[in-house]
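This report concerns only the one structure given below.
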Amino acid sequence: MSVEKEAIHQRLKAAVHYTVGRMCQRMGEDHRREFSRQVIAAIAETTFRQCDVFAKDLEAFARHAKRSTVSPEDVKLAARRSTALSIFIQNKSEELNQEQRDSKKKNTGKRKSRDTEEESRE
């Protein structure tokens with residue numbers, strides 16, 4: 001691994017560790033529990049490794065489909081082994097699709113109103 005990639009790798013790992021630590025802290029406060037540094041480190045390492053597996057799977061799915069870009073369908077496929085994650089991703093995907101449709105409708109409506117204004121001026 002190049003020096004630059006190793007630096008990025010270490011920054012990502014540190015960011016995951018920090019985020020896991022914050023989540024454990026919040027959950028600990030909510031449930032009156034404490035997480036040891038070793039437990040936080042183990043959860044962070046497991047999370048980082050799982051993200052690496054997901055990333056490699058996503059790249060393989062896109063490459064198999066002869067694409068250079070990962071699609072939402074690739075993400076859904078990667079999440080297929082976890083019912084809860086699969087449902088969450090499906091719901092988020094539908095939510096994003098709806099937002100895109102709504103945004104297109106607003107833009108189309110704005111365009112129509114501009115066209116109407118221009119016609120009335122003429």
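The values are calculated or read from the model by the stated rules, or taken from the named source; none is laboratory data. Bear in mind the structure is a predicted one, so any value in this text is a computation, not a measurement. We place every Cβ from the backbone using ideal geometry, glycine too, and count neighbours over all the protein chains shown. Heavy atoms of the whole protein, side chains included, go into the accessibility calculation; ligands, DNA and RNA do not. Shrake-Rupley method; radii C 1.70, N 1.55, O 1.52, S 1.80 Å.
For the chain, with only Lys/Arg (+1) and Asp/Glu (-1) charged at the beta-carbon, what is the dipole magnitude about the Cα centre, in debye rounded to 20?
Values: 26 positive and 20 negative charges, 40 e Å.
Value, rounded to 20: 200 debye.
Averaged per residue, what accessible surface does the chain expose to a 1.4 Å probe, in Å²? Provide the component values of the computation, followed by the final result.
Numbers: 10510 Å² over 122 residues.
That works out to 86 Å² per residue.
Among I8, S103, L77, flag the residue with its Cα farthest along the positive direction of the charge dipole of the chain, charges on Cβ as +1 for Lys/Arg and -1 for Asp/Glu.
The residue sitting most towards the positive pole is L77.
Only helices at least 27 Å long along their axis, Cα-based, and averaging -1.0 or more on Kyte-Doolittle count here, so list those DSSP H runs from the chain.
Numbers: long enough: 3-31 (41 Å, -0.76); 37-64 (40 Å, 0.00); 83-121 (57 Å, -1.94).
Length and hydropathy pass: 3-31, 37-64.
Kindly state, to the nearest 0.05, the FRET efficiency for V53 paired with K104, given R0 = 41 Å and r defined as their beta-carbon distance. Let's see the in-between values first.
Numbers: r = 35 Å, r/R0 = 0.86.
For R0 = 41 Å, the calculated efficiency reads 0.70.
Just one of (1) 73, 43, 34; (2) 45, 33, 27; (3) 39, 30, 26 is Cα extents along the principal axes in Å as worked out from the coordinates here. Which one is it?
Computing Cα extents along the principal axes in Å and matching it to (1) 73, 43, 34; (2) 45, 33, 27; (3) 39, 30, 26 gives (1).
Consider a paramagnetic label point 7 Å from the Cα of M27 along Cα→Cβ; state which residues of region 63-105 have an amide N under 15 Å from it.
85
Grab the Cα-Cα distance for K13 and R80, subtract it from 0.36 nm times how many residues apart they are, and report the gain in nm with one decimal. It would help to have the intermediate numbers written out before the result.
Details: separation 67, 0.36 × 67 = 24.12 nm, distance 2.50 nm.
Length gained between K13 and R80: 21.6 nm.
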